[in-house]
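Peer 1: One structure, pasted below without further comment.
Here, each number is a calculation from the coordinates, and none is a lab measurement. As the structure is a computational prediction, the values presented were derived from the model and not from experiment. Note that each Cβ is placed from the backbone with ideal geometry, even for glycine, and that neighbours are counted across all protein chains shown.
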Amino acid sequence: MQLKGKNVLITGGTRGIGKCMVQNLIKEGVTNIAIIARDKQNLKQLSEEYKEVDFIRIAGDVANIQVLRDAAARIEDKWGHLDILINNAGIVAAGPLEDIQDEDLYDQVAVNLTAVMLLTKYCIPLLRFSEDAYILNISSGLGLIGMPFYAVYGSTKAAIRQFSDSMRRELAPFKISVTCAFPTATDTEMMQKFKGRKMDSPEFVAVRSIQGMLNKEIRVIFGGEERLKENRLNFEAPAELDMLVAQNYEQRKTASLDHKAV
């Protein structure tokens, strides 16, 4: 697939993996990009840096339903159709469930899951006008394996996996492919707490995820053989994985404290 000439909508496209995706898309010749992001200044900087790109800048929170509706309406008015939807925006607030603030629990569900469902719903009519449409959903390795102290975040990301499978089958007659990516620890602002830990670069995750989308891969799983092994254990021998996780329970708990990026 040639990316040149495609109309793209991405959420959370001004930082981290999302910004690297935008940069990669531009490198590959995309000149029509709509971005939903909260930071107006970062949106402005992107448009100033890439003057050759026709940006639709949508400043707002994806948890706001009206922002999502307006985004779809603006794309329809300006471009008439959409070729690629990338649901990338996400937030995390980790720790023991009883200690997570109610608002943080609610917001993670709203941003990580509800917004993905709603934006996809609003964009399906636009994608159906494309000759070859793609949806890329960014989940997480924690969406494959339930880990302590990430119950809320992991549950929202696991739901993205299920949603992606459902949409792939539902939209198949309309030639809309759906890919779900599962990054492991990635060196972004969301992971500032873990500086010094070995992590994937956001550039690598961005390029590999887009490549998987273009290849119409069902899942792009990061983390190598270790993550694949954990995934197999989680479904085939969950009690065995329980014992492995229990061996460093306290370290996991300590590491999760104050891990918050909202």
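Peer 1: Among 220, 53, 8, which comes first, second and so on when ranked by fewest other beta-carbon atoms within 10 Å?
Peer 2: Values: 220 21, 53 15, 8 26.
Least to most surrounded, the residues fall as 53, 220, 8.
Peer 1: I would also like to ask the following. In Å, what Kirkwood hydrodynamic radius results for the chain from the alpha-carbon pair distances? Walk me through the numbers before you get to the answer.
Peer 2: Numbers: mean 1/r = 0.0533 Å⁻¹.
18.8 Å is the Kirkwood radius here.
Peer 1: Now for a separate question. Nearest 10 degrees, 0 to 90: what angle lies between the long axis of helix 224-236 and the longest principal axis of the chain (Cα atoms)?
Peer 2: The answer is roughly 70 degrees.
Peer 1: Could you give the distance between the Cα centres of the range 207-262 and the range 1-66, to the whole Å?
Peer 2: Between the Cα centres of the range 207-262 and the range 1-66 lies a distance of 28 Å.
Peer 1: Given the Cα-Cα distance of residue 218 and residue 253 and 0.36 nm per residue of separation, how much length would full extension add, in nm?
Peer 2: Working: separation 35, 0.36 × 35 = 12.60 nm, distance 3.24 nm.
Between residue 218 and residue 253, full extension yields an extra 9.4 nm.
Peer 1: Rank these for me by crowding, 124, 160, 218, going from fewest to most other beta carbons within 10 Å.
Peer 2: 218, 124, 160
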